[in-house]
Structure formats: structure tokens, C-alpha cells
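Below is one structure, written out as C-alpha cells; the observations come after it.
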Amino acid sequence: MSVEEDTAIHGRLLGTVRGPQDVKRMTAEQLDILAAEIRDFLIAKVSRTGGHVGPNLGVVELTLAMHRVFDSPRDRLLFDTGHQAYVHKILTGRQDGFDRLRQRGGLSGYPSQAESEHDLVENSHASTALSYADGLAKAYALRGEQRSVVAVVGDGALTGGMCWEALNNIATAGNSLVIVVNDNGRSYSPTIGGLADHLSSLRLNPGYEKILDTVKDALGSTPLVGRPMYEVLHAVKKGIKDAVAPQAMFEDLGIKYVGPVDGHDLEAVESALRAAKNFGGPVIVHAVTRKGYGYRPAEEDEADCFHGPGAFDVETGKLVAAPSVKWTHVFADELVAIADSRPDVVGITAAMAEPTGIAKLARKHPGRVYDVGIAEQHAVTSAAGLALGGLHPVVAVYATFLNRAFDQVLLDVAMHKLPVTFVLDRAGITGPDGPSHYGMWDMSVFGVVPGLRIAAPRDAASLREELREAVAVDDGPTIVRFPTGTVAADLPAVRRVGPVDVLTESARVDVLLVAVGSFGQLGMEVAARVAEQGYGVTVVDPRWVRPVPAELVELAAAHRLVVTVEDGVRVGGVGDALAQAMRDADVRVPLRDLGVPADWHPHGTRAQILADLGLTAQDVARDVTGWISRLDAQQDEPVSLPAGGSGAHN
Ligand SMILES: Cc1ncc(C[n+]2csc(CCOP(=O)(O)OP(=O)(O)O)c2C)c(N)n1
């Protein structure tokens, strides 16, 4: 087809795709054009909203092939982690939603049952798809239903232990099930570890040479990373050339292995999938793909191949947002400063060295950071081992992902009173990634762990200070948790009472406002607004929220009303814990706790969600004024607070 003809229909085919049936009837030539249109579409749309553009550019052909070979939604297509389901969304009638991708009221960045019957599971935490698939295949077998189950899993997600627990069971069950390994050699950064090496060894299959050549040709055109990456692939291959037959591991388990196939060769992927579909047992289709395929800035992005950038300029690939100092940066710099003088301090990351900032420590002190893969549970118990061995590990993860390792934190670390510091980035309300990514459970969930101390810094200075205090603790674990985004401006304390910072106080002692973490500034605004109504507010930042500081209870006893504000769930949160400590100390001052209801909160910006929850200075000031003025009105009555306001329990 001539360039003119190509251009003439460019973009038109995609508009005709309203569902999977539309791609089933396309010719090979049309499909090639469609794949290009999908890439253009992805780049154009995600450049405006931000999102997982790199992973999705890599699965265009895979997803097309899956929808051609299988019949979704009768056949079940599962995407591990779910961040690479954009193409699936495009092919299942959701193109129009991409203008509001990850925005309030718009398309979710992950599979969503509410959006489509083609989405079965609502994931986003990695390494679950094979377990879902195992259960689904068992259910269909037991119910006598002829439906295929297909799970796409990345080489990164395959480093998660659940995948291996699932494979073990899938093999034993022997049900018909197709596992597509989307092997791009990367998680965010290159996937490392024994498994990654093994996957490379799978490429020893004769087809590998062909794929390596393809990759070499393609990479040759990307001067920055092309040559080194090829060398790495080749070195890995040479290094393990004497290894056991690569597919043996899966086939010994009882899982048929097909591949490797070039994941950008639609015909090859389709024929592998058709073979797998008809096999009648569990099959692994090993597809080799390239993250960011077809968009040069993504392919050449060494950090993470545009894994999940914010809005960017399509021409240059440069991020639109002006750079700012993030909480992550402050942590990363301080950790390096601490490690410079503390040779026992080491770092652990679960496949997120750059996003958590721990990469900075790795650059300064190579050999003192361990990337364990997407394996939070292992990270925690491995940290326990490091601590038992005389080191002080700093485990840097997103708050939402530490939930996975509760038992390990509880028993393997805390019960042994081991000095491990957990640094929880993206704590509290995060935003566009939606309900599963909110780091709002940590203070409740880990609040029950005996001997665990939790710090919630309010600004850069307190983050530095609390991190130093945390790594100085040598008789048990600590958590330092902070939110996403630009770090709050420094807010100095007027005085300190025990560990508690007093941020402002007045001659009148009416309300004690306990502002947790980054709510310090909100507390100041609330105090100013409430003061206009004639009431005095003392704003404190407890700094260490667990265990509840005795001084906080004493401060509470000296006020007429206590109000806590946190961006963690209210059940078992800081407010709950303070109320309990006050009851235990027989302090009968009424307390209202403002925080996040234990519910599934939709995606949106952090500011939008906080506003929805009534966690703005204006809302909190209104609540506080209402409560304290009603207390005044009831002065001679027994103390009881009226219902209402956003602090009502639910
Ligand atoms: C339990 C958990 N830990 C960390 C993450 C963060 N995360 C999202 S995608 C990703 C890398 C996934 O790599 P891979 O499965 O190979 O998919 P790719 O993006 O390369 O297509 C990570 C670490 C997560 N989603 N879930």
C-alpha cells in the first residue's frame, strides 16, 4: 500500500472497532494498520492524561491476537496487574473514554467491572492473575462449561511468589488454561533475579535466534540503549548456554510451553494462541515484546520505558509538569546522608527502585540495595534476616503494597523486635490510580502490631528528622509514612511536648486539633478560621502516631474538645487510637475523628477526593466550629456531641 493510501485510511479503522468482533474480521493488512492506529491513539490520549503508555504500547499485537483467537467475554481474558489493559479497553468499546482516562468520573486506569463485561477482575496489585485463572478454570471444569481462560502476565509480575504458588496448582489441576508471558525484560527497570535469568534461558529455544535478531535490528535504531541492551541479552544467553533445557522446568511441572514467539508478530502470536487454545491443558505462551514499542522516547527511556508518566509532550517525550521537590526526593537524599555514616544501613525495594527513590542509595552505595522483585512479603522477611545479621534495613515500598506483607511485618519482624524501618511512600489518598492504590490502611493495619512505631512527617524537615529517629531505633520496627506529590512547605513548631510538636496555640484553650502528617498546614488554616469565631485552637502534630504519645493524652485533657484529622481509614486510625488511650487514662474530653471512611473511593485527583471526604480546611473549620459552639450551648448539660458533620461514624 502506498504512503498516500496508508495515510488516507490512517485512523479510520480504529473508529470502526466497537467490539472484539470487529477485529476478528479484519485482514492481515488491515490489522497492521490498526495496530499503528492504536499506537497513535494511545500516545495521543495518554500524553494528555498521563498513564501506563509504555506497557500498553508493548501489548498491542498480543491483545489484538487474544481478541481474535478467543471470544471475550465468554472466554475470560485476565491481565495481571491490569496496567496494560488499555488496548483491551480500546477493543471493547471504550475508546471514547480515553479523553478522561484516570480522571474523576472517567475511565479507570485498570480493569473495571463497572466499565465493561469484558473486565472480570479489578486488579492493580501484581501477580494475582494466575490464581484467579486457576480458580476460574476449576470452576468452569466443575460446572461443565466450555470457556477458555487466558491470563497475561509480565516477566516482572512473574517475580511475585503468588504466580509460583498458582503455577504449582495450575499444573496439578491440569485444566485448560492459557498463560501468556509478556516478556519485555522489564518491570519498571530491567527485571532482575533468578527468574529473569531463567526467562532469558527460555529464549534458548531455536526460535530465539530469530527473535534476538529482530530485537537487535530494532534496537540498532535506538542509539542510546540499543547496543548495550543487545549485549546484555546476548551475554545472558551465552552465560547460561549450558543450562538445563529451558522449557523443561514448566514441562516437568506439567505445563506445556510454546515459544518464544515474537510478541509484535501478530500472525505468530495468533498461531501460538490457537495452538494453546486447542491443547486441552495448561499452556504457557512465551511472547517476547518491547516496552514502549513504536514510540521512540518510550523505547529510549532508560529509567522505565515510560512505564507510567504524567502528561507529556508527544514530540519530545518531555513531561509537561514542571519538576518539583517531592517527598520521595527528600527521603532519598536523607537516606543517602544517613547511609554515608551508617554502614549498617541497607535498602530494599520490591521492583520499584526509582519510584521509591531508593535507587539513589544504590547509585551512591552499590551493593547496599537489594531489589527483590515484586515480592513484598519476601522483602519483609528478607529484611528480618538482614536485621538478624546485624544490619538496619530500610524497606521502601508504596503504602498500598505493604498490606501484602502484614503477617511478615507482624511475626517475622515485630515479634523478633527487629530493627527494620519501613518507608511508605504514596501513603494516604493518592489519586488517579484509584481505590486499590490508596495508601489509607497502613496506620490502622499496622497500628495493631505490638512494638511497631509509626511516624507521619508533615514536611521535609520533619521527614528528615523522623527518618533519622526511625533508623536510630534498635529494638523493633518503625514505619515512616508520607503522601504522594510535592513536599509540603516547612512548618516549624512553636514548641515540643515529648515527641509532640505544637504548631500553634492561643490564650484560649478550647480545641486540640491533632493534625496527622501532611495535614499540619490544614490545621493552621483551620485554627485561623475557628479563631475568627472566638475560639482558641491548639494545633499539634504528634509526629509519632503509634504508640499514642502519653503527652498527647495529657494535652487532650487540657482542652474542651479534641479533633483528629488524618488521611487514613478512621477504623483503627489515629483518632480511634487516641480515643482509646484517653478512655484508658479516664480523660473525658469529647473527641471527633475526621478521616477516610473504610470504603472504596473512586479515582480522581488527591485534592478532589479529599474534598469529597470533607477533608479541606474549610470543611474541617466548619465542623470544628459547629461542635465547639454546640458544646458551649450545652455547657450546663452532660457532655454529649450532636450527630452530623463529616466526622459521623459509619
Ligand atoms: C504488589 C505490587 N507491587 C508493586 C507494584 C507496582 N508495579 C506496577 S507494574 C510493575 C512492573 C510490572 O512489570 P511487568 O509485569 O513485567 O509488566 P510490564 O509493565 O513490564 O508490562 C510494578 C512493580 C504492583 N502493581 N503490585
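The values are calculated or read from the model by the stated rules, or taken from the named source; none is laboratory data. Computed from a predicted model, the values in this text were never measured in an experiment. As a convention, Cβ positions derive from the backbone with ideal geometry for all residues, glycine included, and neighbour counts pool all protein chains shown.
Evaluate region 309-325: report whether one residue or more is crowded, with 23+ Cβ neighbours inside 10 Å and away from the ligand (no atom under 16 Å from the Cβ). Outline the logic, then answer.
Of the residues in region 309-325, the ones crowded, with 23+ Cβ neighbours inside 10 Å are 309.
After this cut, where a residue has to be away from the ligand (no atom under 16 Å from the Cβ) as well, the list is none.
Scanning region 309-325 turns up no residue that is crowded, with 23+ Cβ neighbours inside 10 Å and away from the ligand (no atom under 16 Å from the Cβ).
Would you mind stating whether G292 is within 16 Å of the ligand (Cβ to nearest atom), farther than 22 Å from A427 by Cβ, modelled with pLDDT of 95 or more and not hydroxyl-bearing (S, T, Y)? Reasoning before the result, please.
Values: within 16 Å of the ligand (Cβ to nearest atom): yes; farther than 22 Å from A427 by Cβ: yes; modelled with pLDDT of 95 or more: yes; not hydroxyl-bearing (S, T, Y): yes.
In short, yes.
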*Do you know which of the residues in region 133-157 that are under 24 Å from T289 (Cα atoms) and assigned to a helix (DSSP H, G or I) is farthest from the ligand (Cβ to nearest atom)?*
A133
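Considering each residue of region 326-352, count those that are among the hydrophobic types (A, V, I, L, M, F, W, C) and either over 15 Å from R481 (Cα atoms) or within 16 Å of the ligand (Cβ to nearest atom) (or both), and give that number. Lay out the reasoning, then the answer.
Quick first cut of region 326-352, residues among the hydrophobic types (A, V, I, L, M, F, W, C) only: 327, 330-332, 335-339, 345-346, 348, 350-352.
Pick out the ones that are also either over 15 Å from R481 (Cα atoms) or within 16 Å of the ligand (Cβ to nearest atom) (or both) and you get 336-339, 345-346, 348, 350-352.
Count: 10.
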*Select, from F70, F41, F79, the only residue that is under 24 Å from the mean Cα position of the chain (by Cα) and of a type in the set (F, W, Y).*
F79
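Can you tell me which residue among H67, H52, H88 is closer than 22 Å to N182 by Cβ and either away from the ligand (no atom under 16 Å from the Cβ) or at pLDDT below 95 (or both)? Before the answer, list the steps.
Working: H52 fails: either away from the ligand (no atom under 16 Å from the Cβ) or at pLDDT below 95 (or both); H88 fails: either away from the ligand (no atom under 16 Å from the Cβ) or at pLDDT below 95 (or both).
None of the others qualify; the one that does is H67.
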*Scan region 192-212 residue by residue and report those that are assigned to a loop (DSSP other than H, G, I, E, B) and either at pLDDT 80 or above or aliphatic (A, V, I, L, M) (or both).*
I192, L204
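Please work out if T128 is modelled with pLDDT of 95 or more, within 16 Å of the ligand (Cβ to nearest atom), of a type in the set (V, I, T) and on the phi < 0 side of the Ramachandran plot.
yes
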*Those residues that are surrounded by 24 or more Cβ atoms within 10 Å (Cβ to Cβ) and touching a Ser or Thr at 6+ places or on another chain (Cβ under 8 Å), I need them from region 68-83; list them, please.*
D80, T81, G82
*Residues of region 66-108 that turn out to be in a loop (DSSP other than H, G, I, E, B) and within 18 Å of G263 (Cβ to Cβ), as a count*: 6
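Can you tell me which residues in region 384-403 are in contact (Cβ under 8 Å) with a residue 12 or more places away in the chain and either within 15 Å of the ligand (Cβ to nearest atom) or more than 26 Å from T328 (Cα to Cα) (or both)? Let's see the steps before the verdict.
At the first step, the residues of region 384-403 found to be in contact (Cβ under 8 Å) with a residue 12 or more places away in the chain are 384, 386-388, 390-403.
Matches in region 384-403: L388, G390, V395, A396, V397, Y398, A399, T400, F401, L402, N403.
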*Among the candidates F422, F406, single out the residue that is touching a helix residue (DSSP H, G or I) at 6+ places or on another chain (Cβ under 9 Å), within 24 Å of A339 (Cβ to Cβ), within 15 Å of the ligand (Cβ to nearest atom) and of a type in the set (F, W, Y).*
F422
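Take the residues in region 13-32 that are under 14 Å from E61 (Cβ atoms) and either of a type in the set (G, A, S) or free of Cβ contacts under 8 Å to residues at least 24 places away in the same chain (or both), then tell me which one is surrounded by the most Cβ atoms within 10 Å (Cβ to Cβ).
If we filter region 13-32 for residues that are under 14 Å from E61 (Cβ atoms), which is where we start, we get 23, 26, 28, 30-32.
Among the residues that remain, those that are also either of a type in the set (G, A, S) or free of Cβ contacts under 8 Å to residues at least 24 places away in the same chain (or both) are: 26, 28, 30.
Values: M26: 17, A28: 9, Q30: 14.
If we take residues in region 13-32 being under 14 Å from E61 (Cβ atoms) and either of a type in the set (G, A, S) or free of Cβ contacts under 8 Å to residues at least 24 places away in the same chain (or both), then M26 is surrounded by the most Cβ atoms within 10 Å (Cβ to Cβ).
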*Is one or more of the residues making up region 101-124 under 22 Å from H437 (Cβ atoms) and among the basic types (K, R)?*
yes
*For A173, which of the numbered conditions (1) crowded, with 24+ Cβ neighbours inside 10 Å; (2) out of contact with any Gly (no Cβ under 6 Å at 6 or more places or on another chain); (3) modelled with pLDDT under 95 fails to hold?*
(1)
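Which ones in region 338-373 are out of contact with any strand residue (DSSP E or B) (no Cβ under 8 Å at 6 or more places or on another chain) and more than 19 Å from G439 (Cβ to Cβ)? Don't jump to the end; show me each part of the working.
Filtering region 338-373 down to residues out of contact with any strand residue (DSSP E or B) (no Cβ under 8 Å at 6 or more places or on another chain) leaves 340-341, 343, 354, 360, 363-367, 373.
Within region 338-373, D340, S341, P343, K360, R363, K364, H365, P366, G367, G373 meet the criteria.
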